[in-house]
Each structure stands twice: as structure tokens, then as C-alpha cells.
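Asks: Handing you this structure, nothing more for now.
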Amino acid sequence: ALPISCGPNETKVPTTQESVFEHLENINADKELKPYVFEVVSRCAELSELRREACYARAMKLQSIKYLENMSSETEDPNGEVVGLCKVYATYSRIWILRNYVAAESLKMRNLMWHEIGHCVLNYDHVETRTHIMNPSVLSEEYLGDNWPLLASDFLGGSNVPAFTLTDEKCDHCY
């Protein structure tokens, strides 16, 4: 197994999917949002060894997935356009979702959650390709329904995998 770099002189022993799932069961999360994390992290098993171990290591840093009544307390958003947010800190990360943006079981929520998990767990950046989960605009329910298998495939390993780094630098991502 390959070690994950956590800093200049520090390495972290890779974890198993089972230990990641155990951690995720115990994070501070709204119950409607937690299944999306398991959905994405379970698919990390399909990745190359290095990316899989990086995915598991970052998933172990996920501390909370919560609804917020508004995003103004976490981001400067004068127009009220931010509906999801991932914040990555040195030792933990958090995901916030705007309450009442869309129904928890909708395809738009799936798109939004996969997007924020992409930032927090896979360390993905935004992409300009309009029809990609990591584009900073939520896709329509109709488009998502017609194209989800292709979108999910491209998200993890297709020809349009977003840029990512294997280091855990502090960054904030808004959707």
C-alpha cells in the first residue's frame, strides 16, 4: 500500500473501505445527506491504488455534512447563489448544503452532493464542461435522469475526470 503524504515529514497509513465506512457512520450528518457520501466513497474502490487511498484518507477527514438555513455565515455570497459548500481544513473537512434548495431525494440533490463530495473527498476542482458534475452549475432534473450513468462514470474515471491533486492543501469550494 502506498502512504499518503500529509506534510513534509509525515505519512498516514492507508485505510480500508470498511474503516472509512465506520468513520462515516459516526460523523455529524443530516440523515438525508449521509447516503450520498457512502455512494461516492464506495465507488472509490474502482479507482487506481493511489487515487483510492487518497479518497479514503480524505473521507476519514470528513467531519460533518449539514444543512444550513443560509450560506451567509460560511461564505461571502451577496446574491444568495451558493447552494453547497465544501471547506477543507488541515485536519478535517465539512460539507454544507442550503436547506430547502431541492428535495433530499431528487437528482439535483444527488448532483449537488456528488459535486461537494468531489471537492472534499476527491479534491476535484471545477470544470468548464457544462455537462459534468464538477461544473459549478447544477444540471436539470431531466438531464440528470437521462444521463446519470455517463455522468457518474466520467466523475470517477471517464475521459473527463477533473483536475485533482494528491496533497491536502487548505481550500474552499463553493457550488
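Asks: With Ser42, Ser72 as the choices, which residue is surrounded by fewer than 21 Cβ atoms within 10 Å (Cβ to Cβ) and in a loop (DSSP other than H, G, I, E, B)? Explain how you work it out, then say what you get.
Replies: Details: Ser42 fails: in a loop (DSSP other than H, G, I, E, B).
Answer to the check: Ser72.
Asks: What's the number of the condition Leu50 fails, among (1) surrounded by fewer than 19 Cβ atoms within 10 Å (Cβ to Cβ); (2) hydrophobic (A, V, I, L, M, F, W, C); (3) without any contact (Cβ under 8 Å) to a residue 40 or more places away in the chain; (4) under 30 Å from Thr16 (Cα atoms)?
Replies: Unmet condition: (3).
Asks: Residues Leu112, Leu98: which one is over 20 Å from Arg43 (Cα atoms), surrounded by 14 or more Cβ atoms within 10 Å (Cβ to Cβ) and modelled with pLDDT of 90 or more?
Replies: Values: Leu112 fails: over 20 Å from Arg43 (Cα atoms).
Of Leu112, Leu98, the one residue that is over 20 Å from Arg43 (Cα atoms), surrounded by 14 or more Cβ atoms within 10 Å (Cβ to Cβ) and modelled with pLDDT of 90 or more is Leu98.
Asks: Any residue at all in the stretch 81-95 that is of a type in the set (S, T, N, Q), outside any helix (DSSP H, G or I) and open to solvent by less than 20 Å² (accessible area, probe 1.4 Å)? I'd like the intermediate steps shown before the answer.
Replies: Start the filter on the stretch 81-95 by keeping residues that are of a type in the set (S, T, N, Q), which leaves 91, 93.
Next cut, outside any helix (DSSP H, G or I) only: 91, 93.
Applying the additional criterion that residues be open to solvent by less than 20 Å² (accessible area, probe 1.4 Å) yields 93.
Yes - at least one qualifying residue is present in the stretch 81-95.
Asks: Answer with yes or no whether Ser137 is open to solvent by 30 Å² or more (accessible area, probe 1.4 Å) and in a loop (DSSP other than H, G, I, E, B).
Replies: On the way: open to solvent by 30 Å² or more (accessible area, probe 1.4 Å): yes; in a loop (DSSP other than H, G, I, E, B): yes.
It is true that Ser137 is open to solvent by 30 Å² or more (accessible area, probe 1.4 Å) and in a loop (DSSP other than H, G, I, E, B).
Asks: Please find, among Asn28, Asn79, the residue that is of a type in the set (S, T, N, Q) and at pLDDT below 90. Quick ask: steps written out before the conclusion?
Replies: Numbers: Asn28 fails: at pLDDT below 90.
Within the list Asn28, Asn79, the selection yields Asn79.
The values are calculated or read from the model by the stated rules, or taken from the named source; none is laboratory data. Fair warning: this is a prediction, and the values are worked out from it, not measured in the lab. Neighbour counts run over all protein chains shown; Cβ positions are idealised from the backbone, glycine included. Just the protein is used for accessible areas: all its heavy atoms, side chains included, with ligands, DNA and RNA removed. Shrake-Rupley method; radii C 1.70, N 1.55, O 1.52, S 1.80 Å.
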